[in-house]
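K.L.:
Sharing a structure with you now.
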Amino acid sequence: CKSRHSGGGCDFYSAEMDAGFSGRFSLETAIRKGIDAHQFEVHYQPQVDGQSGEVDGVEALVRWNHPSRGLLLPAEFVQVAEDTGQIVPLGRLVLEQALRTFADWRTRGIAPGRLAVNISSQQIEQADFVPEIAGLLKQTGVPATMLELELTEHTVMRDVDRTVARLRALCELGVRVAIDDFGTGYSSLSYLERLPLDTIKIDREFVRNVCADKPDSPIVVAIVAMARGLGRKVVAEGVESETQRHYLDALGCRSMQGFLFSRPLASAAMERFLGEHLGAVL
Ligand code: C2E
Ligand code: MG
Ligand code: MG
Ligand code: MG
């Protein structure tokens, strides 16, 4: 990894260069200023029932609306935000914004059944993480069962005992938990049984392998079977083609997310999408 000498994560060197920032310090400062200046916004991607076409949820995805560089994707700043601890205020901002938007959709009758939000390990390690979630749910009136927190295997495995305790507390509140990018990390399968997980999200890397030439993926088959055996819900990420949609549907994986249905959209565009697809078939 070329970036080791800089002391940052592997993505750091390319991340700062891609965004055109002149160094780690500059990007770190820019993120902090960006938080204060309300430059971060939440976009939403629908999670769709591949069989009925109904929208059953949305995933909140952070974007940085940078004044001179335009709309930046998480690949350009999330790693540095994690390395510098700024993911804590940034993540809080995303949770707050997403829950307020979702609450507004509820009052207007266009909210789907679930709001999924990505959470990094540093957030969940904060002592006040669970009360903070409880407070936000209370403020916004969103039922806990409609909020799903997405954690990667890496996040879960970093400090398993503490994470399990936090997940149990969240579970008691009624909040759902999903394991994101499943199959790409290094989690021990025994934890899948131990953790209070509701959902397993199949990483798009495995979904990508399902193509018209070779519409079969033993790994996808195995993950769906395992999720079912454990009584967990399964969501497929990165569904881009009808081939993939039909394959997943035949396996019994109902919930899907991907460009086939919609790219992530800004809240106003997502509102229109939800209004148009309310109970409708895609
Ligand atoms: P993720 O949670 O796995 O989110 C799914 C990513 O896949 C999104 O990228 C989404 O735009 C992309 N995607 C969805 N459907 C398709 C498809 O059909 N094809 C392809 N090629 N890609 C698809 P995005 O928005 O760039 O986010 C990347 C990652 O950044 C996320 O992966 C998540 O790990 C992280 N992230 C995003 N928002 C947040 C946040 O608020 N907090 C934290 N901690 N991490 C976040
Ligand atoms: Mg996610
Ligand atoms: Mg994912
Ligand atoms: Mg991913």
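K.L.:
With respect to the numbered conditions (1) touching a Lys or Arg at 6+ places or on another chain (Cβ under 9 Å); (2) assigned to a helix (DSSP H, G or I); (3) modelled with pLDDT of 95 or more, which one is the sole condition not fulfilled by R272?
P.N.:
(1)
K.L.:
Tell me the residue from M226, M256 that is in contact (Cβ under 8 Å) with a residue 60 or more places away in the chain and among the hydrophobic types (A, V, I, L, M, F, W, C), please. Can you show your working first?
P.N.:
On the way: M226 fails: in contact (Cβ under 8 Å) with a residue 60 or more places away in the chain.
Step by step, each of M226, M256 is checked, and only M256 is in contact (Cβ under 8 Å) with a residue 60 or more places away in the chain and among the hydrophobic types (A, V, I, L, M, F, W, C).
K.L.:
Any residue at all in segment 160-176 that's open to solvent by 20 Å² or more (accessible area, probe 1.4 Å), within 17 Å of the chain's Cα centre (by Cα) and not hydroxyl-bearing (S, T, Y)?
P.N.:
Taking every residue of segment 160-176 in turn, at least one turns out to be open to solvent by 20 Å² or more (accessible area, probe 1.4 Å), within 17 Å of the chain's Cα centre (by Cα) and not hydroxyl-bearing (S, T, Y).
K.L.:
Condition check: touching a Gly at 6+ places or on another chain (Cβ under 6 Å) and either in contact (Cβ under 8 Å) with a residue 60 or more places away in the chain or more than 24 Å from G109 (Cβ to Cβ) (or both). Does G231 satisfy that? If you could, list the steps in order and put the result at the bottom.
P.N.:
Numbers: touching a Gly at 6+ places or on another chain (Cβ under 6 Å): no; either in contact (Cβ under 8 Å) with a residue 60 or more places away in the chain or more than 24 Å from G109 (Cβ to Cβ) (or both): yes.
Criteria not met by G231.
K.L.:
Going by the conditions given, is L27 at pLDDT below 95, over 19 Å from I124 (Cβ atoms) and of a type outside the set (D, E, K, R)?
P.N.:
yes
K.L.:
Follow-up. Count, please, the residues in segment 199-225 that happen to be open to solvent by less than 60 Å² (accessible area, probe 1.4 Å), away from ligand 2 (no atom under 14 Å from the Cβ) and not hydrophobic (A, V, I, L, M, F, W, C).
P.N.:
Summing the residues that are open to solvent by less than 60 Å² (accessible area, probe 1.4 Å), away from ligand 2 (no atom under 14 Å from the Cβ) and not hydrophobic (A, V, I, L, M, F, W, C) in segment 199-225 gives 1.
K.L.:
Moving on to the next point. Among what's in segment 177-190 and is open to solvent by 30 Å² or more (accessible area, probe 1.4 Å) and of a type outside the set (G, A, S), pick the residue that is farthest from ligand 2 (Cβ to nearest atom). Give the steps one after another, and end with the answer.
P.N.:
The first filter runs over segment 177-190 and keeps only residues open to solvent by 30 Å² or more (accessible area, probe 1.4 Å), leaving 181, 183-186, 188-190.
Pick out the ones that are also of a type outside the set (G, A, S) and you get 181, 184, 186, 189.
Numbers: D181: 7, T184: 12, Y186: 18, L189: 21 Å.
Among those that are open to solvent by 30 Å² or more (accessible area, probe 1.4 Å) and of a type outside the set (G, A, S), it is L189.
K.L.:
Look at segment 104-121 and say how many of its residues are surrounded by fewer than 18 Cβ atoms within 10 Å (Cβ to Cβ) and part of a helix (DSSP H, G or I). Full working, then the answer.
P.N.:
Narrowing segment 104-121 to residues surrounded by fewer than 18 Cβ atoms within 10 Å (Cβ to Cβ): 104, 106-109, 113.
Still in the list and also part of a helix (DSSP H, G or I): 104, 106-107.
Within segment 104-121, residues that are surrounded by fewer than 18 Cβ atoms within 10 Å (Cβ to Cβ) and part of a helix (DSSP H, G or I) number 3.
K.L.:
Condition check: among the small types (G, A, S), closer than 22 Å to Q257 by Cα and surrounded by 14 or more Cβ atoms within 10 Å (Cβ to Cβ). Does G231 satisfy that? Quick ask: steps written out before the conclusion?
P.N.:
On the way: among the small types (G, A, S): yes; closer than 22 Å to Q257 by Cα: yes; surrounded by 14 or more Cβ atoms within 10 Å (Cβ to Cβ): no.
No, not satisfied.
K.L.:
With respect to D36, is the statement that it is of a type outside the set (A, V, I, L, M, F, W, C) and touching a strand residue (DSSP E or B) at 6+ places or on another chain (Cβ under 8 Å) true?
P.N.:
Values: of a type outside the set (A, V, I, L, M, F, W, C): yes; touching a strand residue (DSSP E or B) at 6+ places or on another chain (Cβ under 8 Å): no.
In short, no.
K.L.:
Where residues in segment 61-90 are of a type in the set (S, T, N, Q) and within 15 Å of I35 (Cβ to Cβ), which of them is least open to solvent (accessible area, probe 1.4 Å)? First the steps, then the outcome.
P.N.:
Going through segment 61-90, the residues of a type in the set (S, T, N, Q) turn out to be 65, 68, 79, 84, 86.
Narrowing further to those that are within 15 Å of I35 (Cβ to Cβ): 65, 84, 86.
On the way: N65: 71, T84: 39, Q86: 17 Å².
So, considering only residues that are of a type in the set (S, T, N, Q) and within 15 Å of I35 (Cβ to Cβ), the one least open to solvent (accessible area, probe 1.4 Å) is Q86.
The values are calculated or read from the model by the stated rules, or taken from the named source; none is laboratory data. Remember, predicted model here, so these are calculated numbers, not experimental data. Cβ sites come from the backbone with ideal geometry, for glycine too, and all protein chains shown count toward neighbours. Surface areas here come from the heavy atoms of the whole protein model, side chains and all, with no ligands, DNA or RNA. Shrake-Rupley method; radii C 1.70, N 1.55, O 1.52, S 1.80 Å.
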